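Nothing in this text is a laboratory measurement; each read-out follows from the coordinates by a stated rule. For clarity, every value in this text was computed on a predicted model and none was experimentally measured. Here the Cβ positions follow ideal geometry from the backbone for every residue, glycine too, while neighbour counts run over all protein chains shown.
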Amino acid sequence: MNDVERIGVADLFRIGIGPSSSHTVGPMFAAKRFAARLAERDVIDQVALLRVDLYGSLAATGRGHGTLSAVLMGLEGRAPETLDLAERDHRLAQIAGGDLLLLNGSHAVAFAADDIVMHPFTRLPGHANGMCFAAEDANGHTLLRLVGYSIGGGAVQWEDSREAGVTTGAESTQDDRGNRDRIHTPNDRYDFHSGAQLLAMCEGGASVSGAMRRLENARGTADVELDERIDRALGVMRDCVESGFSATGVLPGGLNVPRRAAQVRQQLEAAGGYTRELETEWLAAAAMAVSEQNAAGARVVTAPTNGAAGILPSVLFWLEHFSEVSAVELPERRRRLILAATAIGVLCRRRASISGAEVGCQGEVGSACAMAAGGLVDALGGTAEQVENAAEIAIEHHLGLTCDPVGGLVQIPCIERNAVAANTAVVAARLALRGDGSHRVTLDEVLDTMRRTGADMSEKYKETSRGGLAVSVVEC
């Protein structure tokens, strides 16, 4: 599945809403696509009955991850990147109060969150995050049936591409443009499917960020468009840190988890501000700020997933406040960080997985930590070998990490896990920069290990809330 995907900045850094890219963003886009297909086939006015079935991890933790409301909003034709959060809450209240759903924003049909059928103990063959959408007319005839998978980071893959009307591969959900230009071909000479290939492309002193830019260019994305896309994501990340540093209160969901980032920020400012002695605590606070915003369902950037969305913004925060990069150089260094992080993310997704429902949290927080570490090395002028080394260090020390959210919410242990991983990313980058890039275990080897570890991992540790802390905390 992964070896045919054309993955780039738009795929790994999607602007969406919390609390989960695979459980909120992906299902919303899938539902939106289903509604749009009904309209494209000119059968939407015939829809008398809707059925939505969620399988595996989507069903097991869907309520805590906002999947049900995401599906409703997607069926009404709304997208995570542009969804007005206040309008969303108002509309969901209306539907809960008895209003008819407006399919694709136009056709009224009786359907609410309670009508979504959950199958937590049934896994469809394609992925742990399975979805089935079906529509019937008044005579019981099926107008359209689509089976899809939310494969991580907000990406959606359809089981039957001919039925879905899209080409085989993961659907680009950034602007719902389908699978235009996403299939890998042997002539795509700028692409890479291993760390070894990436290093070979950087022989002679070329940077990893430069290699990723060349790949984006070869796919038709001009530098101006690419930089605008990166800067837009960077802006949302920065806004998310600042809004998280200002927000107070208790996170939704019933666990009564208090927001802490704002208080920690105040304490750090009182203790001296951006001093070297406080940098690890600032890193943790920035990561918590974003993770708390994600847990509250606010707008975030998948990096590469929502559950790990606090790590890269925190490292970018460190680059701005604690590195020796000048204010003049900072914009370009931030872009380099994102591009190099994208290259590492491509390898994580292709050789292993970024889905907690597939390989546990090693695929989410581990991948994000590797992306941040490698990206930071590139931003600080490190070689391609040092970038690869930093990413390997980061992944190696997240192997076997389980995904066991308490109550099915992206709060415990997810928020603190982002804080710790942000610091790990900076440490990994510093270690790599102290060396010449040579090391015993390669990034390819550690990613292959992550994939095999995920395959061996019990399903109860893969975003189902049936094992680990999710069970221990409830029993206590």
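What the table below lists for this structure:
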| read-out | value |
| --- | --- |
| Placed amide H near Arg6: partners under 5 Å, 5+ positions off or other chain | His184 |
| Debye log10 I(q)/I(0) for the chain, one point scatterer per Cα, at q = 0.08 Å⁻¹ | -0.43 |
| Separation of the Ser246 and Leu469 label points, Cα + 7 Å toward Cβ, nm | 2.9 nm |
| Gyration tensor (alpha-carbon) shape descriptor, segment 255-309, a/c threshold 1.5 | oblate |
| C-alpha long axis of helix 311-322 to longest principal axis of the chain, angle in ° | 40 degrees |
| Ranked packing of 274-281, 246-253, most packed first, by mean Cβ within 10 Å | 246-253, 274-281 |
| Top positive-direction residue, dipole computed over segment 20-171 with Cβ charges, set Ala113, Val52, Gly154 | Gly154 |
| Charge dipole magnitude, Cβ of K and R +1, D and E -1 - the chain, Cα centre, debye nearest 20 | 260 debye |
| Translational diffusion of segment 195-475, µm² s⁻¹ [Kirkwood Rh, Cα pairs; Stokes-Einstein; 20 °C; 1.002 mPa s] | 115 µm²/s |
| Order by protection proxy (mean Cβ within 10 Å, highest first), peptides 340-353, 306-319 | 306-319, 340-353 |
| Nearest-ten-degree value, helix 223-246 long axis tilted from longest Cα axis of the chain | 90 degrees |
| Chain lengthening between Glu332 and Gln46 when straightened (0.36 nm per residue, less Cα-Cα) | 97.8 nm |
| Long-range HN-HN contacts of Glu76 with modeled amide H, under 5 Å | Asn104 |
| Nearest 10 degrees, 0 to 90: helix 384-396 Cα axis against the chain principal axis | 60 degrees |
| Neighbour-count order for His398, His193, fewest beta carbons within 10 angstrom listed first | His193, His398 |
| Of Leu199, Gly220, Ala287, farthest towards positive along the dipole that unit charges on Lys, Arg, Asp, Glu beta carbons give the chain | Ala287 |
| Segments 451-463, 383-395 sorted - mean Cβ within 10 Å per residue, highest first | 383-395, 451-463 |
| Using a Förster distance of 41 Å, the FRET efficiency for Glu225-Asp84 (Cβ separation, nearest 0.05) | 0.95 |
| Stretch gain in nm, segment Lys460-Arg434, where the contour uses 0.36 nm per residue and the Cα spacing is subtracted | 5.4 nm |
| Relative frequency of Cα-Cα separations exceeding 27 Å in segment 20-171, percent | 14 percent |
